[in-house]
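S.K.: Sharing a structure below in structure tokens format, with a few things to ask.
The values are calculated or read from the model by the stated rules, or taken from the named source; none is laboratory data. These numbers were taken from a predicted model, which means no experiment stands behind them. Here the Cβ is made from the backbone with ideal geometry for all residues, glycine too, and neighbour counts use every protein chain on show. What goes into the accessible areas is simple: the full protein's heavy atoms, side chains included, and nothing from ligands, DNA or RNA. Shrake-Rupley method; radii C 1.70, N 1.55, O 1.52, S 1.80 Å.
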Amino acid sequence: MPSAASLAWLIPVLPLMGAILTGLALIGFNRFINRLKKPVAVLLITCVGISAVLSYAVLMEQIVGMPPEEHLFVWASAGDFILPMGYVVDPLGAVMLSLVTTIALLVMIYSHGYMAHDKGYVRFFTYLALFSSSMLGLIISPNLLEIYVFWELVGMCSYLLVGFWYDRDGAAHAAQKAFVVNRVGDFGLLLGILGLFWATGSFDFQGIAVGLQEAVSSGTVPMWAALTLCLLVFMGPMAKSAQFPLHVWLPDAMEGPTPISALIHAATMVAAGVFLVARLEPLYGLFPPVGAVIATVGAVTCFLGASIALTQMDLKKGLAYSTVSQLGYMMLAMGCGAPIAGMFHLVTHAFFKAMLFLGSGSVIHAMEEVVGHQPVLAQDMRLMGGLRKKMPITAITFFIGCIAISGIPPLAGFWSKDEILGQAYFSFPVLWLIGFLTAGMTAFYMFRLYFLTFEGEFRGENEELKNRLLHSAGIVEEEEEHSFQPGKLHESPWSMTMPLVVLAVPSILIGLLGVPWNSRFAFLLNPIEATNMSDKFSWGEFLPLALASVGISLAGISLAIFAYYLHRIDLAKIFAERFPQINAFLSNKWYLDDINERIFVRGSRKLAREVLEVDAKVVDGVVNLTGLLTLGSGEGLKYFETGRAQFYALIVFGGVIALVVLFGVLSPLPT
């Protein structure tokens, strides 16, 4: 009987085959296939479900101690150059395979309820399956070049899914923004891959690390060039994992359907960057300055995302900036030389953030039946409140997610985030301080989201507030909005609440697999390092840092309780009115979007206009002049085409005489 690892190639292939089948059916039999919503959903959910079962089998084999397995074939060869392709199964890949297939499966089940009345239901499921296949292919890729192929496929699927409602200007612009920003990072990644191949002659992760170390030691490659190549490769993860300053696409990507936010922007696409940095740890570990840059970028991203989330009123945008902040924690761990801690936070965060995004989708789904299908209204927390009484399952699971991400023990977020802060404390104390302060901000803004959404009185019937929000967004209500008949708030159907309940379980318990004195997660990924961690563990070091982390989180939660639940503190008067510049700075997202608009968007448009003007006046002018000269000369020469041999002989004779005279003039006189 073949091992699960030998069948791992089926894990990305099954969703791909399902996507190809439904995609071709959409092209050839569009109307017919769009009526078969349930059969299509069953087919694609089954494909992802089988991939999930295979992923769990692969993970179990790695847990019981089976060695990593690699299957390669020659994809291209020329002389001594051989380019292998194939797949690799190791503990890191097994963990990611299980994580991605689990989240993808739950999101597909959730989407059956969330997208039930959408006319693009079949197209949406096809995109989901194609995206899942691309991400799974990326995970099992054995070298950088193959990763790059799937990396671009993931980006393409993200563009399709973020812009799924392409008839909405916001969604179309968000998809374009995500595409362009990721192209910036991917261009750096491609240059880095090609440069590393030039320096080492290999695309293999370990081969690149060994080859570059030898090249630097022998002087073949100068140190500055090696550092530059490493940082160029890091540009790819910077864009995919939304690191400063290439993070600007992620919040706008919330324009896509909410299940996409849960799948792409919590567990898969944004995790691809962190995963690639973990794969390249053998390379980055050789160059401490690169690690310092990665850690600094992560810390800045961590603080930036949390600070902007403090002022967000859009429920999904608040969670989006929370994702940016948590991705910063993961990169901080990678830069501190602690890839296990970063990957552990990636896993725990994927579960509770997917649950939070799906919970927000449940809220928005209910709000749309009350305030209409205008996202400005359905997603604004100023129109929510009191939803816990009507939506108890959504409220409870959302509350669990808030506790988990705030880092309160024994839930999952505490163990992974505390491990990162501990590593940062001993590696870069200043960056630890940034992460420490961010932990308090995270607890505050997450419980701010919870209290504004689920506690207090429902504010969705305030027509004056609705009109003010629409006016501030520059939206004029259309006729169908006036004819909208509001319904009643109610809990979402089982297909939407069941994934929330399932995700709540790992959000509570999975952190226990990474307790620092006996981390089973670390033992799976790197038994030697896990043994060292256990031997070096000290309660004297762990408790002060852990208590400080919990303490600042509790302080943030307490402030949120007094401000948004008990209403004993008016933060608008205390902070916004006293420090309007800081409040405007945070509300305008550090003005980074404005800076990008003025420098890059307007600058590129100006450059394009100037290039167009040069093309029209210079290039087209030269072409047109050449055409006119040709036309004029042809018009003149046609009179010499008389058809008389005597006339042609006369022309030849005249030409000969002219040449004789010319050479006589140019030749020197005899002395």
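S.K.: Within the accessible area of region 256-309, what % is carbon and sulfur when the probe is 1.4 Å and the other protein chains stay in place?
M.R.: Details: 630 of 800 Å².
Roughly 78 percent of what the probe reaches on region 256-309 is carbon or sulfur.
S.K.: Moving on. Summing +1 for each Lys or Arg and -1 for each Asp or Glu, what net charge is found among the other residues whose Cβ lies under 14 Å from the Cβ of G487?
M.R.: That works out to -2.
S.K.: Mean separation of Cα pairs under 8 Å and 6+ residues apart, divided by the residue count of the chain: what relative contact order is that in percent?
M.R.: Contact order relative to length: 11 percent.
S.K.: Does region 182-254 come out rounded, prolate or oblate, given a ≥ b ≥ c as the square roots of the eigenvalues of its C-alpha gyration tensor, rounded meaning a/c under 1.5 and, failing that, prolate meaning a/b above b/c?
M.R.: Judged from the Cα gyration tensor, region 182-254 comes out prolate (a/c at least 1.5, a/b above b/c).
S.K.: Ok, one more. Given the protein chains as shown and a 1.4 Å probe, how many square angstrom of E577 are accessible, to the nearest 10?
M.R.: 130
S.K.: Express in nm, to one decimal, how much length is gained between R644 and E597 on full extension, taking 0.36 nm for each residue of separation and deducting their alpha carbon distance.
M.R.: 9.9 nm
S.K.: Testing the spin-label approximation: label points 7 Å from Cα along Cα→Cβ at S587 and A555. State their distance in nm.
M.R.: Distance between the two pseudo-spin positions: 2.7 nm.
S.K.: How large is the accessible surface per residue of the chain, computed with a 1.4 Å probe and reported in Å² as a whole number?
M.R.: Here the per-residue accessible area is 46 Å².
S.K.: Now, a different point. How much net charge surrounds E69 when only the other residues with a Cβ under 11 Å from the Cβ of E69 are counted, with Lys and Arg +1 and Asp and Glu -1? Intermediate values should be presented prior to the final figure.
M.R.: Numbers: positive: none; negative: E61, E70, D90.
My count for the surroundings of E69 gives -3.
S.K.: Provide the per-residue ³J(HN,Hα) series for region 251-263, in order, calculated from phi with Karplus coefficients 6.51, -1.76, 1.60 and θ = phi - 60°, each as a whole number of Hz, with x at glycine and proline positions.
M.R.: x, 5, 5, 5, 5, x, x, 4, x, 5, 4, 5, 7
S.K.: Whenever you get a sec, line up W224, W539, W151, W415 from highest to lowest accessible area (probe 1.4 Å, protein heavy atoms).
M.R.: Largest accessible area first, the residues go W224, W539, W415, W151.
S.K.: How would I528, I405 rank on accessible area, largest to smallest, probe 1.4 Å?
M.R.: Highest to lowest solvent-accessible surface, that is I528, I405.
S.K.: Then there is this: Fully extended, how many nm does the chain gain between L191 and H173 (0.36 nm per residue separation, minus their Cα-Cα distance)?
M.R.: Net length gain for the segment: 3.7 nm.
S.K.: Count charges around A172 for me, please; just the other residues with Cβ under 14 Å from its Cβ, Lys/Arg as +1, Asp/Glu as -1.
M.R.: So the environment of A172 carries a net charge of -2.
S.K.: Residue by residue, what Karplus-based ³J(HN,Hα) values in Hz, rounded to whole numbers, does region 300-315 have, using 6.51, -1.76 and 1.60 with θ = phi - 60° and x for Gly and Pro?
M.R.: 4, 4, 4, 6, 4, x, 5, 5, 6, 5, 4, 10, 6, 10, 7, 4
S.K.: What is the list of residues in region 413-449 whose amide nitrogen lies under 16 Å from a point 7 angstrom out from the Cα of F579, following Cα to Cβ?
M.R.: Under cut-off, by backbone N: 434, 437-442, 444-445.
S.K.: At a Förster distance of 60 Å, what's the computed FRET efficiency of R382 paired with L286, Cβ-Cβ distance as r, to 0.05?
M.R.: Rounded to the nearest 0.05, the efficiency is 0.70.
S.K.: What is region 121-220 by shape, rounded, prolate or oblate, if you read a ≥ b ≥ c off the alpha carbon gyration tensor as root eigenvalues and call it rounded for a/c under 1.5, prolate for a/b larger than b/c, and oblate otherwise?
M.R.: Taking the square roots of the gyration eigenvalues as a ≥ b ≥ c, region 121-220 is oblate.
S.K.: Can you work out ³J(HN,Hα) from phi for every residue in region 613-621, in order, using Karplus 6.51 cos²θ - 1.76 cosθ + 1.60 and θ = phi - 60°, giving whole Hz and x for Gly and Pro?
M.R.: So the J values, rounded to whole Hz, are 5, 4, 4, 6, 8, 8, 5, 5, x.
S.K.: Still on this model: Report the residues of region 307-341 in range of a label on I475: point 7 Å along Cα→C-beta, backbone N strictly under 16 Å from it.
M.R.: So the set is 313-318.
S.K.: Turning to a different aspect of this structure: How about K316: which aspartates and glutamates have a C-alpha closer than 17 Å to its C-alpha, ignoring those fewer than 8 places off in the same chain?
M.R.: D252, E255, E368, D380
S.K.: So, one more: Tell me, what is the FRET efficiency for D118 and L662 to the nearest 0.05, using R0 = 51 angstrom and their Cβ-Cβ distance as r? Please list the in-between numbers first.
M.R.: Values: r = 81 Å, r/R0 = 1.59.
Efficiency for this residue pair is about 0.05.
S.K.: Here's something else I'd like to know. What figure, in Å² to the nearest 10, do you get for the accessible area of L469 with a 1.4 Å probe and non-protein molecules left out?
M.R.: Looks like 10 Å² after rounding.
S.K.: Using protein chains only and a probe of 1.4 angstrom, how many square angstrom of E610 are accessible, to the nearest 10?
M.R.: Answer for E610: close to 90 Å² accessible.
S.K.: So for I574, I140, I508, I552, what's the accessible-area order with a 1.4 Å probe, most first? Don't jump to the answer; show the numbers that get you there.
M.R.: Details: I574 80, I140 10, I508 60, I552 35 Å².
Ranked from most to least accessible, the order is I574, I508, I552, I140.
S.K.: In percent, what relative contact order does region 323-446 have, based on Cα pairs under 8 Å that are 6 or more apart in sequence?
M.R.: 29 percent.
S.K.: So if I take the centroid of the Cα atoms in region 383-441 and the same for region 255-294, what is the distance between those two points in Å?
M.R.: 19
S.K.: For region 427-586, give the magnitude of the charge dipole about the Cα centre (Cβ charges: +1 Lys/Arg, -1 Asp/Glu; no others), in debye to the nearest 20.
M.R.: 780
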